[in-house]
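The values are calculated or read from the model by the stated rules, or taken from the named source; none is laboratory data. What you are looking at is a predicted structure, and each value in this text was computed from that prediction instead of being measured. Virtual Cβ from ideal backbone geometry, glycine too; neighbours counted across all protein chains shown. We work out accessible area using only protein heavy atoms, side chains counted, and drop any ligands, DNA or RNA first. Shrake-Rupley method; radii C 1.70, N 1.55, O 1.52, S 1.80 Å.
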Amino acid sequence: MHKLSLALALGLACALPAHAQSPAELFVGVNSGIAQTQGVALVLASQALAQKAAVRVLLCSEGGQLAVKDKESPALKPSNKSPKEMLQGLMKAGAKVEVCALFLPNGELKAGDLIEGIGVAKPADVAAYLLQPNVKSLTY
């Protein structure tokens with residue numbers, strides 16, 4: 001009986017991690033050029049990161065301008081930080097930030113025009129990431 005109990009306990013101990021929930025991941029797409037819209041997207045991404053979610057941000061269209069070195073964005077109340085400053089704070093906290101594959105060639109820009117640490121997304125990688133069951137997606 002003791003061996004059966006021990007075997008059952010070991011079996012349950014091995015099976016429990018398989019049922020553990022995957023960590024939350026948040027994918028945030030920012031296409032808008034409107035500072036308040038960009039700001040809310042980045043504030044929510046920051047809150048998710050603070051709650052231990054992995055965060056990945058994809059910037060495209062007018063939202064991609066946040067990634068360009070010489071482009072400025074206005075400070076927003078109440079934090080008095082611009083969306084660009086919020087984005088850089090997210091990156092420092094561990095978020096992955098990329099521009100969409102169409103952004104650079106259609107904006108006549110090069111990778112060197114981007115803020116250091118911002119990459120260019122590969123569509124197949126983004127699609128595979130989005131198809132994971134633990135990834136939630138927001139688009140602004």
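Key figures
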read-out	value
Residue that is nearest to Ala24 (Cα to Cα) [pool: residues in region 68-104 that are open to solvent by less than 40 Å² (accessible area, probe 1.4 Å) and polar (S, T, N, Q)]	Ser82
Flag for Ala111 being free of Cβ contacts under 8 Å to residues at least 24 places away in the same chain, out of contact with any Leu (no Cβ under 7 Å at 6 or more places or on another chain) and open to solvent by less than 80 Å² (accessible area, probe 1.4 Å)	no
Test result for Leu49, open to solvent by less than 60 Å² (accessible area, probe 1.4 Å), modelled with pLDDT of 95 or more and either β-branched (Val, Ile, Thr) or farther than 18 Å from Val99 by Cβ (or both)	yes
Residues that are at pLDDT 85 or above, among the polar types (S, T, N, Q), surrounded by fewer than 17 Cβ atoms within 10 Å (Cβ to Cβ) and not in a helix (DSSP H, G or I), drawn from region 11-46	none
